[in-house]
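Okay, so here's the structure we're looking at.
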Amino acid sequence: MLILECPYCGVKAEETELSPGGEAHLKRFGPGSSDDEFEAYMFARKNPKGVHCERWRHAYGCGKWFLAARCTATLEVFGTYLAQTAEPPAEIVEKIKAKRPEWKGYS
Amino acid sequence: MKRYSVFAIAREALNHHQGWERAWKSPLPKASYDAIIIGAGGHGLATAYYLGKNHGIRNVAIIEKGWLGGGNTGRNTTIIRSNYLQDPSAALYEKARSLYETLSQELNYNIMFSPRGLLMLAQTHHEVRGYLRTVHANNLQGVATEWITPERVKQLVPIINIDGPRYPILGALYQARGGTARHDAVAWGYARACSDMGMDIIQQCEVTGIRSENGRVTGVETTKGYIGTKKLGIVVAGHSGQVADMAGFRLPVESMALQALVSEPIKPCMDVVVMANTVHGYMSQSDKGEMVIGGGTDGFNNYTQRGSFHHIEETLRALVETFPMISRLKMLRQWGGIVDMTGDRSPIISKTPLGNCFINCGWGTGGFKAIPGSGWAMADLMARGEPGPLAAEFDMWRFREGRFIDESVAAGVAH
């Protein structure tokens, strides 16, 4: 069972307490953007077999959105961090690189 | 290829069964082919079969990372139906269902197609309205379905509880020609027919890269060396994103785990397929007597081919309320498959940014029922380079252009 620590309330929550929200750090495009950019933002997903930065909500806890770095091939969790973060924090990137040297970044 | 028949059984019985030949060959790859299909599951093999049969393209290799039919083809709950709401889906799934009717004879391989009837239970008033709409749509599409009352449901499924406290049965969408088939046999039957046409099925051969020049694919790098090709078909279900990444484009697809489980075998008690979409559970009885049970997908990206434990609990809790007699049944096995989900829950059969590369993916939780129709449409697309009427609406650019074939609203969860 997947267990993620909510970075807001510190609770180690198992997945029935959480709701998944898909890929994190998507660059938003709106009016004035090209069709390609808007399509990529709306629909195209990295869907990696490996490290995935993703959104979760502590739905049956504090109710807040947070982000997690997790391996989709092994379910290993590298860490969780605040939603108000434009890219994964340095210590999580370091942790990922130590365990997955071939990792090419989150985008 | 020696044909299977009652005479063959008699001949072999007298011959100590020494004369059965291998169902398909396992050759080494040639230097190049007219077409390569990545993925020897049901959809990939059906694509190859119809390329040979309908279009005369037989210099074909089907490349498989693991073993033939070892992915979702061998992991589903074998349900076949075509009661979809949207016209393009109904056309495609009904084509598949109608091909299943005669597939055993056509392939000379018993796929055990059993059109035993399929019920989709309505357990909320919202579902009643939704399924009535689907019945009317199906009647216009030429797909034979009907709306039946709770009493008729009870007649068809004596073990069902139609007046449960939380989710009473308010009626059902009934497709009398829906049913099940032997999933492995579908892959094996197509594989045998492809091999007989001279196609190469290359197992234990993983594609590690796709070579292209001037926007056209020239070949694939594999663990058994480089293989050149004039056309490439990507038919790899859960790993579509991985292979698309090698080809240099992204898909509107996310891979998730879907689970199924079977009970210990019991005497025949239910001779139709029952789906309960409100509570995320569906059940049928296999010829061995096991109750075959499927549930919902996990909501997060996952490639592990095993699902979350709480989904099993939720599925069984719902089914026990609907079928009280299964409450003491022991479950024998549980497994997961990686399904490729699109936003509108409809598949992609499409050209790609690379000129001679085509993709068939996004079948999500309901690919098995579509295998023959999917192969038919994909072969048409690969042979002519343009989609035929079946695949026309299913291109990958429909998302960008807002032409969704929205079955997520129409079908609830189960596909």
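Throughout, read-outs are computed from the coordinates displayed, never taken from laboratory work. Computed from a predicted structure; not experimentally measured. Using ideal geometry, Cβ is built from the backbone for each residue, glycine included, and neighbour counts are taken over all protein chains shown.
In peptide B:294-305, how many Cβ atoms from other protein chains are near each Cβ within 10 Å, on average?
On the way: counts 0, 0, 0, 0, 3, 7, 15, 12, 8, 10, 6, 0.
If you average over the peptide's residues, the count of other-chain Cβ atoms is 5.
Any of A:LYS46/B:LYS224; A:LYS46/A:LYS104; B:LYS53/B:LYS95; A:LYS95/B:LYS65 with alpha carbons more than 23 Å apart? Name them for me. Mind showing how you got there, number by number?
Details: A:LYS46/B:LYS224 27 Å; A:LYS46/A:LYS104 12 Å; B:LYS53/B:LYS95 16 Å; A:LYS95/B:LYS65 31 Å.
Flagged as over cut-off: A:LYS46/B:LYS224; A:LYS95/B:LYS65.
Computed over the Cα atoms of the range B:149-295, what is the ratio Rg over Rh, Rh following Kirkwood? Don't skip to the answer; put the middle values down first.
Working: Rg = 22.3 Å, Rh = 19.8 Å.
Ratio of gyration radius to Kirkwood radius: 1.13.
Calculate the spin-label point distance for B:ILE9 paired with B:THR278, positioning each point 7 Å from the Cα along the beta-carbon direction, and give it in nanometres.
Going by the 7 Å Cα→Cβ label model, 4.5 nm.
Which FRET efficiency value, to the nearest 0.05, do you get for B:ALA23 and A:CYS9 by plugging their Cβ-Cβ distance into 1/(1 + (r/R0)^6) with R0 = 51 Å?
0.30
How high is the FRET efficiency between A:LYS95 and B:HIS125 when r is their beta carbon distance and R₀ equals 35 Å, given to the nearest 0.05?
On the way: r = 50 Å, r/R0 = 1.44.
For A:LYS95 and B:HIS125, the calculated efficiency is 0.10.
So, by mean Cβ neighbours within 10 angstrom, what's the order for B:380-388, B:38-46, A:42-50, B:172-180 with the highest one leading? Provide the component values of the computation, followed by the final result.
Values: B:380-388: 17.2, B:38-46: 30.7, A:42-50: 19.4, B:172-180: 24.2.
Top of the packing list down: B:38-46, B:172-180, A:42-50, B:380-388.
In degrees, nearest 10, range 0 to 90: what is the angle between the Cα axis of helix A:90-99 and the longest Cα principal axis of chain A?
80
Considering amide H positions built from the backbone, and no H for Pro or chain starts, which residues 5 or more places from B:SER114, or on another chain, come under 5 Å of its amide H?
HN-HN under 5 Å from B:SER114: B:THR180, B:ALA181.
Work out the mean other chain Cβ neighbour count within 10 Å for the residues of B:250-259 and drop it here as an integer. Can you show the working numbers first?
Numbers: counts 7, 5, 7, 4, 7, 5, 3, 2, 0, 0.
Counting other chains' Cβ atoms within 10 Å and averaging over B:250-259 gives 4.
Quick one: go through the range B:1-39 and flag any residue whose amide nitrogen is under 18 Å from the point 7 Å out along the Cα-to-Cβ line of B:GLU213.
B:31-36
Near B:ALA370, within a Cβ-to-Cβ distance under 11 Å, what is the net charge of the other residues, with Lys and Arg +1 and Asp and Glu -1? The partial results should precede the final answer.
Details: positive: B:ARG81, B:LYS95, B:ARG97, B:LYS369; negative: B:GLU94.
Residues near B:ALA370 contribute +3 overall.
Which value, in debye to the nearest 20, describes the size of the charge dipole of the range B:137-264 about its Cα centre when Lys and Arg Cβ atoms bear +1, Asp and Glu Cβ atoms bear -1, and nothing else is charged?
Details: 12 positive and 12 negative charges, 56 e Å.
Around 260 debye, computed over the range B:137-264.
Can you give me the C-alpha center-to-center distance between the range B:36-97 and the range B:153-167, rounded to a whole angstrom?
When both Cα centres are located, 35 Å separates them.
Calculate the mean, over all residues of peptide B:241-249, of how many other protein chain Cβ atoms lie within 10 angstrom of the residue's Cβ. It would help to have the intermediate numbers written out before the result.
On the way: counts 6, 4, 0, 2, 4, 0, 0, 0, 1.
Taking all residues of B:241-249 together, the mean is 2.
Find the Cα radius of gyration of chain B, compare it with 2.2 N^0.38 Å by division, and give the number to two decimals. Intermediate values should be presented prior to the final figure.
On the way: Rg = 21.3 Å, N = 415, 2.2 N^0.38 = 21.7 Å.
Against the empirical 2.2 N^0.38 Å value, I get 0.98 for chain B.
What does the protein assembly as shown give for Rg and for Dmax, in Å, if only its C-alpha atoms count?
For the protein assembly as shown, the Cα-based Rg and Dmax read 23.5, 78 Å.
Full extension from B:ARG328 to B:ASP196: what is 0.36 nm times the residue separation minus their Cα-Cα distance, to one decimal in nm? Before the final figure, lay out the partial values.
On the way: separation 132, 0.36 × 132 = 47.52 nm, distance 4.72 nm.
Stretched out fully, the B:ARG328 to B:ASP196 stretch lengthens by 42.8 nm.
Quick one: 3J(HN,Hα) in Hz for the range B:220-230, Karplus 6.51/-1.76/1.60 with θ = phi - 60°, rounded, Gly and Pro as x.
10, 7, 9, 6, 10, x, 7, 10, x, 7, 8
Taking only Cα atoms of the range A:3-99, what ratio of Rg to Rh do you get with Rh as the Kirkwood inverse-distance radius? Each step should come with its number before you reach the end.
Numbers: Rg = 14.3 Å, Rh = 14.3 Å.
Dividing the radius of gyration by the Kirkwood radius yields 1.00.
Provide the percentage of antiparallel DSSP beta bridges, counting only those with both residues in the protein assembly as shown; round to the nearest 5.
80
Which value, in Å³ per residue, describes the convex hull spanned by the Cα atoms of the range B:23-94? Could the numbers behind the result be given before it?
Values: hull volume 9.3 nm³, N = 72.
Spread over its residues, the Cα hull of the range B:23-94 gives 130 Å³ apiece.
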